[in-house]
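The values are calculated or read from the model by the stated rules, or taken from the named source; none is laboratory data. Here the structure is a predicted model, which is why all the values come from computation and not from measurement. Counting neighbours? That spans all protein chains shown, and the Cβs are built from the backbone with ideal geometry, glycine included.
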Amino acid sequence: MRDPKRTIPRAVPVALGIALLVYAAVAVAALSVLGADALAGSSAPLADAVRAAGRPGLAPVVRAGAALAALGSLLALVLGVSRTTLAMARDGHLPRALAAVHPRHQVPHHAELAVGAVVAVLAATADLRGAIGFSSFGVLAYYAIANASAWTLGSVVKGRAVAAAGLSGCVLLACALPAASVVSGAAVLALGALAYGVRRGFRSGS
């Protein structure tokens, strides 16, 4: 970007606003066609919505669009998680081999391959709905921590209000997930925190 200090603060609310409008339009359309009860019990709500609207021929198009959207989101998450894996490997929390950076393309190729392999195994063996719920809990926990950290960056009322609203929203959405996703996600976070505490205590003791 030519002027990121000026462009990014403008781009973020515009992008979020567009996404909010799209989500709201889809939600209103699905609710108006299916109703709240049928929508809550549907495993493929958008495909069911186009069928109920008298356009069953569009159901394959909707499914294809959903698959492409999920693939795009998955690729973005793989890239993000691989960079997190790189940082953790550099700090010694994961094997050092995952901190390798490709000499030509300047990407963490070992971390990307490892994350991609884990995702492929989970997609082939696990219940995708459970995996999505678990992933959603992890992402919300990540952003909750980010908002809690933002609270400590300053004492400006506006900045702290935004951080508090973000933290509250993340906690609320995380608690609204299926109980199995919340329990499994919380258990994994607790085990990770325990392992980190034990390892840090071992290092300080030695």
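If you scan the stretch 98-131, which residues turn out to be within 18 Å of Ala187 (Cα to Cα) and in contact (Cβ under 8 Å) with a residue 24 or more places away in the chain?
Of everything in the stretch 98-131, just one residue is within 18 Å of Ala187 (Cα to Cα) and in contact (Cβ under 8 Å) with a residue 24 or more places away in the chain, namely Gly130.
Would you call Val157 on the phi < 0 side of the Ramachandran plot and at pLDDT 85 or above?
Judged against the criteria, Val157 is not a match.
Failed condition for Gln106, given (1) part of a helix (DSSP H, G or I); (2) exposed (fewer than 10 other Cβ atoms within 10 Å of the Cβ); (3) under 25 Å from the mean Cα position of the chain (by Cα), with all others met?
Failing condition for Gln106: (1).
Step by step: first the residues of the stretch 114-126, then only those that are surrounded by fewer than 13 Cβ atoms within 10 Å (Cβ to Cβ) and more than 18 Å from Ser73 (Cβ to Cβ), then the one that is modelled with the highest pLDDT. Which residue is that?
Ala117
Restricting to the stretch 150-176, count the residues that are more than 21 Å from the chain's Cα centre (by Cα) and under 23 Å from Ser135 (Cα atoms).
0
Is it the case, given these coordinates, that Arg63 is modelled with pLDDT of 90 or more and either surrounded by fewer than 15 Cβ atoms within 10 Å (Cβ to Cβ) or among the acidic types (Asp, Glu) (or both)? Don't jump to the end; show me each part of the working.
Numbers: modelled with pLDDT of 90 or more: no; either surrounded by fewer than 15 Cβ atoms within 10 Å (Cβ to Cβ) or among the acidic types (Asp, Glu) (or both): yes.
No, not satisfied.
Identify, from the list Leu20, Leu34, the residue that is exposed (fewer than 14 other Cβ atoms within 10 Å of the Cβ) and either touching an Asp or Glu at 6+ places or on another chain (Cβ under 7 Å) or over 24 Å from Arg129 (Cβ atoms) (or both). Give the derivation first.
On the way: Leu34 fails: exposed (fewer than 14 other Cβ atoms within 10 Å of the Cβ).
Within the list Leu20, Leu34, the selection yields Leu20.
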